[in-house]
1. Suppose R0 equals 51 Å; then what is the FRET efficiency for T519 and S741 from their Cβ-Cβ distance, rounded to the nearest 0.05?
2. Using a 1.4 Å probe, what is the accessible area per residue for segment 63-150, in Å²?
3. Just order 711-720, 518-527, 646-655 by mean Cβ neighbour count inside 10 Å, highest at the front, would you?
4. Taking the Cα centre of each part, how many Å lie between segment 152-219 and segment 302-371?
5. Which FRET efficiency value, to the nearest 0.05, is calculated for A571 and K396 with the Förster distance at 41 angstrom and r the Cβ-Cβ distance?
6. Give me the aspartates and glutamates in straight-line cross-link reach of K109: C-alpha distance below 16 Å, same-chain residues under 8 apart excluded.
7. Taking a threshold of 28 Å on the Cα-Cα distance, which of the pairs K112/K187; K153/K187; K179/K396 fall above it?
8. Rounded to the nearest 0.05, what FRET efficiency do R473 and R148 have when you use their Cβ-Cβ distance and R0 = 56 Å?
Amino acid sequence: AVRPRASQSATASHARAPLPALGRLPVPMAATAAPGAAEAEVSDARVQVTVRHAVNRSESVQVSVPRSATAHGVLEALSAALHRQDILTSGRLVVSSGQAFLSMKPTEKLGKRRECLILGVKDLAMGAGMSLESALAMQLELMDAFRREEFQKELQELEWTYGRESGQFAVERSQLALKVQSRVLPKYGFEGTDRGVREMVQAVQGLNTNPEFQRNYYASQILLRVVDPEEVLKHPSFQDGGAQRLLEAFAADARRPPAPPERSGDPIADEEVRPTHLAEAASPARGSAPGSEANAGGSEQHRLGRLPPAPAPRDPSEVVVLRTSQSLSDRLTLVAPLRLESRPHDGEASVVVEPGVTFQTFLGFGGSFTESACDLFEALGTRNQERVVEACFDAKHGLGYRMGRIHVNSCDFSIGRWSCCDSEDPTLSLFSIARYHRSILPFLRRAEAAMDGSPRLIASPWSPPDWMKDNGRMTDGGRLRPEYRDCWAAFYVRFAEEMASAGFPLWALTVQNEPMAETGWENCLYTAEEERDFIRDYLGPALEKSQLGLRLLAWDHNRDELFQRARTIYADREAARHVWGMAFHWYGDPRYEKWPDKAGQLRFDNVGLVHELRPDKHLVMSEACQEGGPHLREWGVGERYAENIIRDLNNWTEAWIDWNLLLDQTGGPNHTGNYCSAPILADASRDLVLFQISYYYIAHFSRHIRPGARRLLCASSRDALECTAFRNVDGSIVTVVLNRSELSLGFRLDIGGRSAWASAPRRSITTFLAHSD
């Protein structure tokens, strides 16, 4: 059971409401009707019902109600139409039975009745409504609350997350406004609920021609970002100077966020931009009705970026289901559980998990502590820092990251170009990691405190200091000068020692980030033979001598050349002895990037082939991000993450590490303009945080497939159903099913011979949690 979702057709008209006609105002002080009400109006045909006074039959009122309305619903409609609360508190609908009247139960359906009788009220006259004095006082109190910094910051974050034009923004804005209304309306005789808002609307309808009431109304709509200030200034109510000054003051409080950056030109960026939705915040009680108390407060927690704790299955037959879906607006939503049973399913679409066949042990998911990400984190306010830390590292309410990657010396996502030893100094006497103490190590400390255990850190150099390079620059290619090979190997050891002294012993090193990339940012080129020889003759022996127990990963570039590089290095017994495994990146997909060969350079199969080449070695996906800007609210980026995670895990990958933990609204800071996307974006100038759709897609894996999990055999009978499965240390079985197609699919989920009918809506990802037999 989850909070009801307003349908697109119900909410789209509220996204940019035009100025209301003078004769009748829409909902005052609210951005849109309540989600539940909007959905009901669309999904339930309405009928006209005549309500007559049971004693004085000449008095009657006609009201419009849903066809499925109850007796209480008719009373609500009548109360709103006549602006009379006593109809709800004292009135009752009755049916005539001879000389007597029989009362209808409040929950009794109207059925085919189109005429009802009412008792308990003296007449059906129009109520007096709300006085102008009370209405103006209520307006000013609501506007004062809407102007407060905390409210405006939440509203800005919602607008940034969903987009001002989206129907979901209107729904979330309505819920945010209701928090304020629930505190103010009871002071004026209305309930602090959706129904109370509707009753208040009816009570003030007679005041909508009053200029002062109109000015307050329009000012509130600006504060709630329903209309633009420029549109309101054209209205006759704002032609006098005093009103215009008032409006400008409100407009200053309600400044809109900057427009998102221009599209990158990638195939994904050329799609229709659809809004990102935040997931349900609290796990509702199973079986609770939509809109019930169990669902209250969900949006509030979710705006804080918290993920709901996933309940465990209650018995061996139950399967807990969590879903993110573009078409249904689900974001890690807990949907109805499944029941496993013994049942054949020949010929049906299926996803089959065989717990008796196991593969690699998984080490964990993670992200990268780049200087850009860490400096941005430091620039956020205390509350948002706590949100980011929890979102990334808390295993219950966040992604539960346990892996991390840091750069040795600067990278493109650094604040400028630098190294730990900028001056030519072959003895490394000037070596220092002081730069890391500024923001990287403080963020690592915060992360470690939130983690379930210590982080496994991998360090990767982008380039040696410029004085070690044959081109004299940390950029534009260039190679390590032969006379500095010993010195550069000692540099790795020194860096690891200094990190350990700072409280963060490294778990592994890579030889070189992207050794075949000649770019405008930091890099250093190695052929396969050059990397092999440097490992065998310099770096491997230096690490062995240090006794730091560090793992060494080779390659650290894309999948296309992964097999060739592994074959060259593993063919040399001495070099292979020093190498724990291969690291690789996800880049090279022409569907998402401009630069790859149109023939495609993804080569997921190469990961599995490297395992077959050396089953005793290991595989780590060490970097992934969507290039070409922040890709705000783009659904396809989340799907790219899920596809890559599934296919990498199914090819023996033991750890999966994303690139920047967070970036700003431009996709930076990046000192060379190589802007990219990240699962979390932040605008430090306004202290706002946005959780992208990729954040939720990653969460479907990272918070459920925990370190120590073993991959299980998992197969699908349909191309559109991409899947992987793991068994955690506690015995729980996690199955993730991705559907990137435009078809909503039903299928039978089979776990160890018992199955249940499941669904995969179009453009969705679903995580199934089950007991192990």
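1. It comes to 0.90.
2. Here the residues of segment 63-150 average 53 Å² of exposed surface.
3. The densest-packed peptide leads the list: 646-655, 518-527, 711-720.
4. 37
5. 0.35
6. Straight-distance partners of K109: D44, E76.
7. Distance filter (> 28 Å) returns K112/K187.
8. 0.60
The values are calculated or read from the model by the stated rules, or taken from the named source; none is laboratory data. This structure is a prediction, so every number in the text was calculated from the model and none was measured. Heads up, the Cβs are rebuilt from the backbone with ideal geometry, glycines too, and the neighbour counts pull from every protein chain shown. Protein only, heavy atoms only, side chains kept; ligands, DNA and RNA dropped before computing areas. Shrake-Rupley method; radii C 1.70, N 1.55, O 1.52, S 1.80 Å.
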